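Inspection log for the structure reproduced underneath, given as structure tokens.
Values quoted throughout were computed directly from the atomic coordinates according to the rules given, and no laboratory measurement underlies them. Predicted model only: the values in this text are computed from it and were never measured. Backbone-built Cβ (ideal geometry, glycine too); neighbour counts: all protein chains shown.
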Amino acid sequence: MHPGTGRLWAHEHGAMGGDEVNIALAGRNYGWPVITHGVDYSGAKIGEGSAKAGMEQPQHVWVPSIAPSGMAFVTSSRLPGWRGSLVIGSLKFRLLARLSLEGERVVGEQRVLQSMGERLRDVRQGPNGHLYLLTDESQGAVLRVEPA
């Protein structure tokens, strides 16, 4: 839930690209499978293209797919400059994507923590304001993100 508006945000894991972040509003059509920014795993086209009248566009899209997993709004000041951001784990590229927001508009993306080499399964902000990551490995771990 967006901390300022209370609206439900969701990410969608597409096929070969087309991963999306959407604001889920009642009665809206988000297009699948008629419109998408991705292609099938076979390489075949999915649907009619990436836009169509009466269908919503995503707030953000990834091509190629990052395999999004876990998502949290940062409301704490524990990580300088991150307050107001949306953070999303990536299984495929083993990173944390930080989306900069202006209101409900995505205005930038920063990719961090690639050097860890860990698939990030979940992302949460704890009640203490710290950001926590759950890794998806045979020796998985819960990690706390600290400023450098």
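Considering only Gln110, Gly81, Leu25, the residue lying farthest towards the positive end of the dipole of the chain is Gly81, judged by Cα position with unit charges set on Cβ.
Stretching the chain fully between Met55 and Asp136 yields a gain of 25.8 nm (0.36 nm per residue, less the alpha carbon separation).
Semi-axis lengths, largest first, of the ellipsoid equivalent to segment 66-148 are 20, 15, 10 Å, with √(5λ) applied to each eigenvalue of the Cα gyration tensor. In a reduced charge model with +1 at each Lys and Arg Cβ and -1 at each Asp and Glu Cβ, segment 1-59 shows a dipole moment near 160 debye about its Cα centre. Computed from point charges on the beta carbon alone (+1 for Lys and Arg, -1 for Asp and Glu), the dipole magnitude for the chain about its Cα centre is near 280 Debye. What's the whole-number percent of alpha carbon pairs in segment 1-59 lying beyond 14 angstrom? That fraction is 55 percent. The equivalent ellipsoid that matches the C-alpha gyration tensor of the chain spans semi-axes of 27, 20, 11 angstrom, in descending order. For segment 66-148, relative contact order (Cα pairs under 8 Å, six or more residues apart, normalised by length) works out to 26 percent.
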